1. So, in the stretch 30-88, exactly how many residues are modelled with pLDDT under 95, crowded, with 18+ Cβ neighbours inside 10 Å and not in a helix (DSSP H, G or I)?
2. Determine whether residue 84 is of a type outside the set (Lys, Arg) and more than 16 Å from the chain's Cα centre (by Cα).
3. Restricting to the stretch 2-29, count the residues that are without any contact (Cβ under 8 Å) to a residue 24 or more places away in the chain, under 24 Å from residue 107 (Cβ atoms) and in a loop (DSSP other than H, G, I, E, B).
4. In this structure, is residue 94 surrounded by 14 or more Cβ atoms within 10 Å (Cβ to Cβ) and either touching a strand residue (DSSP E or B) at 6+ places or on another chain (Cβ under 7 Å) or modelled with pLDDT of 95 or more (or both)?
5. Could you check residue 177 against (1) touching a residue at least 24 places away in the same chain (Cβ under 8 Å); (2) assigned to a helix (DSSP H, G or I); (3) surrounded by 14 or more Cβ atoms within 10 Å (Cβ to Cβ) and say which number it fails?
6. In this structure, is residue 167 in a loop (DSSP other than H, G, I, E, B) and modelled with pLDDT under 95?
Amino acid sequence: MRPNKREELVHKALGIFYQNGFHATGMDMIVREAGISKTSIYKHFRTKDDLILAVLRLRDENFRNWLYRRIEETAQTPKQQMIVLFDAVDEWFALPEFKGCMFIKASAEFQEPDNPIYVQAAEHKRMLYEHFADVAQKAGATKPKELSRDLMLLVEGAIVMAAMGVFSDAAGDAKRAAISLIEAQLN
């Protein structure tokens, strides 16, 4: 396989795992849907878990880059960035291929706290938390870490409710609550 074949495999596997879940997706399904032999897959990944970790790293990089860029494009101040976070998440929810959060799914399917897949999923959420704690600090929040924690809880709840179809405007509902929390910390 050419060096870029590994990247192609990871990109294809991302879509397959996202659509079907991790445990429900066997290597035979990856072989079929990606059009790659098992031998070729195992040249690059010793195990299915190694492939999952590569997929999660790619998803983390793609998602955070998209989210941060989208927020910076639509908001000029740190306060506005915390608010438009929910608009960006709403855009994600509106995508036809939206099936929830790959990291929430990973942590549900690999629940042991020392499992590398669980660790990778938790790291994604930790990096988001730290990013928004920095944004809250720049906005002048009285307790930036607490505000970031609250915003993360609202975002994560909105993701679950949107994926389950429980609320038709989960991001908007979360945004209204977030505005109250942000205003309380910045006044």
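1. So the answer is 2.
2. yes
3. Residues meeting the conditions: 3.
4. Details: surrounded by 14 or more Cβ atoms within 10 Å (Cβ to Cβ): no; either touching a strand residue (DSSP E or B) at 6+ places or on another chain (Cβ under 7 Å) or modelled with pLDDT of 95 or more (or both): yes.
Answer is no for this residue.
5. Here residue 177 clears every test but (1).
6. Details: in a loop (DSSP other than H, G, I, E, B): yes; modelled with pLDDT under 95: yes.
Yes.
The values are calculated or read from the model by the stated rules, or taken from the named source; none is laboratory data. Since we're looking at a predicted model, the values are computed, not measured. Virtual Cβ from ideal backbone geometry, glycine too; neighbours counted across all protein chains shown.
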